[in-house]
1. If I model a spin label at Asp136 and Ala265 as a point 7 Å from the Cα along the Cα→Cβ vector, what separation in nanometres do I get?
2. Sorting His191, His146, His134 on the 10 Å Cβ count, fewest up front, what's the list?
3. Assuming 0.36 nm per residue, please report the length gained on full extension of the stretch Ser149 to Leu197 beyond their Cα-Cα distance.
4. If every alpha-carbon in the range 117-235 counts as one equal scatterer, what log10 I(q)/I(0) does Debye give at q = 0.15, 0.17 1/Å?
Amino acid sequence: MNLDMGMGMRGLSLVLALILALILALNLALSLIALRGGGGAGGADADAGISARTGAGAVAGAVAGAGTAGGRRDGKCVSVGSSSQVAMAAISGDTIVKRLPQEGNTKMALPKRIVKETERLMTEPVPGISAVPHEDNLRYFDVEIHGPSGSPTIDRRPDGTTGGIFQLELFLTDDYPMVPPKIRFLTKIYHPNVDKLGRICLDVLKNNWSPALQIRTILLSIQALLGAPNPEDPLAADVAKSWLEDQDKAIATAKQWTKQYAKPAEK
């Protein structure tokens, strides 16, 4: 009797051990699936960061000191009402599809909104601006903006070229369009509403942002800001002080910076 009970207990223990082993194997398999499908996605997005060239968090870090992408901590920033004519060099829808990363990369899930905006930059070009997404990160754009005519951001050069092409970087976060793009100047510029780190004080990048606005709208507003500095609502306090005390001298300095740092246009 005792022998039979002992054998029965050992058999039961063996069954329980097998069940436990199966449960552990199933949990391990589920963990591997989750790691490939979910963990990889998070890692890809985190590594993509803010800039495909300058590293994760470049633009975000640059704007952090001013509170938001709009700039100042006090919640006030320049309001730009004018719209200059601008062009966007971009990529057609077919090219975007070809540039999408291969299976397994979460950038495959690029929102239709971003794809359509990029297509529009190509189909409705206006002279003055280019915005080209990176092949390995379609949320990150290399931007060039021509200074508007008659502004300190234009420099007529002896060789016939026109200075005043400014480089910027723009990044669309996962929350776009509910939040504005992250954008800053890479080219040094003497402007009361742009600080030394390239951060821009502009109302549509902060409190006046709306999901109805687009990349195109933002870049048009920034170009208009180049032609209409507002020292009364500055981000660069020293530049604004110079602008208010001696505007002619400040404009001369701005033109000198344009000549020194901005790219020349073709003849």
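1. About 3.3 nm, to one decimal.
2. Details: His191 28, His146 25, His134 17.
Ascending Cβ contact count within 10 Å gives the list His134, His146, His191.
3. Result for the pair: 14.8 nm of gain on full extension.
4. Debye curve over Cα of the range 117-235, log10 I(q)/I(0) at q = 0.15, 0.17 Å⁻¹: -0.69, -0.88.
Bear in mind that the values in this text are calculations on the coordinates, not laboratory data. What you are looking at is a predicted structure, and each value in this text was computed from that prediction instead of being measured. With ideal geometry, Cβ positions are generated from the backbone for all residues, glycine too; neighbour counts draw on all protein chains shown.
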